[in-house]
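Encoded as structure tokens, the structure appears first; notes follow it.
Taken together, the values in this text are just the output of simple stated rules run on the coordinates, not laboratory data. Being a predicted model, the structure only gives us computed values, none of them experimental. Here Cβ is always computed from backbone atoms with ideal geometry, including for glycine, and neighbour counts include all displayed protein chains.
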Amino acid sequence: MSTKNKYIPLIIGVAIATGVVIGGKLNFTDTSDRLFTTNSKKDKLNRLIDYIDYEYVDDINTDSIVDVTVNGILDNLDPHSTYIPEKDLQRITENMKGDFVGIGINFYAYNDTIAVVKPTEGGPSEKAGILSGDRILMADGDTIYGRTITNEIITNKLKGDKDTNVRLTVFRKGEKDLLEFDIQRKDIPIKSVDASYMLTDELGYIKINRFAESTYKEFKKGLDELQDQGATKLVLDLRDNPGGFLGIAEQIADEFLEDKKLIVYTRDKKGREERTYASKRGDFENNEIYILINENSASASEVIAGALQDNDKGIIVGRRSYGKGLVQREMALGDGSAVRLTVSRYYTPTGRSIQRPYENGQNQTYFRDYFKRLRTGELADSDNIKVDDSLKFTTPKGKVVYGGGGIIPDIFVPVDTAFDNEMINYMRRRGLFGFFVFEELDKDRSKYQDLTKYDFINNFEVSDEMALRFKDYVNFKEDSNVTFVAYRDEIKRLIKATLARQLFDDNAYDEVINRDDKMVQEVILLSTEYPNFRQ
């Protein structure tokens, strides 16, 4: 039997598994009227898989058939109903929970060795004495270096049950002998608030990267600290925030809206509505608020932007948001996997659905909308934003807003093509800035040890020589021959920001980046030169 013919039964099996969604219970004794009854649909897939397990001529991994079938079903529903395999569920759950149990280090595999980029501030590794630049060689006597060591193996060695210990063997430059550390595993936060600091004497800034269980507490802590520093105005940066828990977004919107203002409502397939209103607890109701959004701000980010815009509160600055108005609920499938199924749509206070149109489920056209916006010039000029007059709504103060595909900002800021371009974004995704900066610091960390964060942000300059070394590094790693003449300032800015992150914290990264960020600078201008501006 040829290799090609050998797999024909498997292909047929997958096709049958998908096709039986519209069929009945697969029972050889079933009559035709029994075959398509409602009850028979409940176990037909299990029965088919059992037949393949026990009767099929070849050994088949039926788990893969189930995965293909589930994904095939969901692909025909909507773009945001998704299947989560068992192997991915824990990681995704931890990310949305906002913490995990571990030793608290940011690391990457450097020359086949675990190199500590930075221990988590206040975490067990930092308390035990682990430093940036340390190489972890062993965990509880087991070797965790070499070409065959995967991230999964490393993670399994370092993670564990809360309050259990792991003994690490560490190499540190300048030390004659290997070092031993006994570290107790603790809850390690996965931050959803990237930055919180003052832009001016009155204007605070908070950046949220997603809406996890811990996000509201992180946000409220940051807001309280900024108010203590004199913030009477706030920039809430939701750019590139894909969303998360709807309830968390509602809590944050409540901080800005007066009592009994409608925040959002949802409607399910039976027409049942759930409405969420602001309470009396908001701490920033009487202050200026600016929301930053872009084409990657989605879901819960759009709930906040839509709630404020529809209640004539604050100013939305940036570019049209993603356009996701569907609500998912996670449901366990009984084998360690889960499905996030769309169960309702949400609407802004004026009644807008901001969900972009979609056809045939999860098609590629839907997910490549960014390139369509780029091609039509929408990211460069607000006049190129297409609106549907039939989806026109009016806020209480008479502002015209539109549904049918994202939140259109009050103040448009075009994309910064010098900073946000394909080459730079590729290098950022590949982690090249982080790897290069680690190697630069690893040469001699003592050069930076006397620098305070304030001194670094305000006075440190990336030299032309360092920028050239980065160019050579990229060309060597990527086997390319790129030049950065047109983007030299942007490259230096990202190198400096990455240095700030590895030397200090994430806050320092954003402080460096935002000094030349067009959208942030637009808000500073609005809040200082036009303090009474209202859309």
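Descriptive notes on the structure:
- Each of Ile248, Ile293 was scored by other Cβ atoms within 10 Å of its Cβ. Listed from fewest to most, they are Ile248, Ile293.
- Per-residue Karplus couplings for the stretch 447-459, computed as 6.51 cos²θ - 1.76 cosθ + 1.60 with θ equal to phi - 60°, are listed in order as 4, 10, 5, 8, 7, 7, 4, 4, 4, 5, 5, 8, 10 Hz, Gly and Pro entered as x.
- Cα gyration tensor, the stretch 296-426 - rounded (a/c under 1.5), prolate or oblate: oblate
- For Phe107, distant residues with modelled amide H under 5 Å away: Val117
- Multiplying the residue separation of Thr150 and Asp177 by 0.36 nm and subtracting their alpha-carbon distance yields 7.1 nm.
- Exposure proxy order (Cβ contacts within 10 Å, fewest to most) of Lys477, Lys260: Lys260, Lys477
- Cβ-based exposure ranking for Thr376, Thr215, in which fewest neighbours within 10 Å come first: Thr376, Thr215
- Calculated volume of the Cα convex hull per residue in Å³ (choose from (i) 296; (ii) 215; (iii) 186), label: (ii)
- Counted by Cβ distance under 12 Å from Val482, the other residues give a net charge of -2, where Lys and Arg count +1 and Asp and Glu count -1.
- Neighbourhood net charge (13 Å Cβ-Cβ; Lys/Arg +1, Asp/Glu -1) for Glu126: 0
- Stokes-Einstein D (µm²/s) once Rh is taken as the Kirkwood radius of the stretch 99-189 over alpha-carbon pairs, at 10 °C in 1.306 mPa s: 123
- Residues of the stretch 316-353 with amide N under 20 Å of the 7 Å Cα→Cβ point at Lys392: 348-353
- Placing a pseudo-label 7 Å from each Cα along the Cα-to-Cβ vector at Glu422 and Asp140 gives an inter-label distance of 4.8 nm.
- The amide H of Val401, built 1.01 Å from its N in the peptide plane, has Phe393, Thr394, Thr395 as neighbours under 5 Å, considering only residues 5 or more places off or on other chains.
- All other residues whose Cβ lies under 9 angstrom from that of His80 are scored, Lys and Arg at +1 and Asp and Glu at -1, for a net of +1.
- Gyration tensor (alpha-carbon) shape descriptor, the stretch 422-516, a/c threshold 1.5: prolate
- For the stretch 193-416: rounded, prolate or oblate by the Cα gyration tensor [a/c cutoff 1.5]: rounded
- Cα centre as origin, Lys/Arg/Asp/Glu Cβ charges: the chain dipole, Debye: 1180
- Computed E for Glu529/Ser382 - FRET, C-beta separation, R0 25 angstrom, nearest 0.05: 0.75
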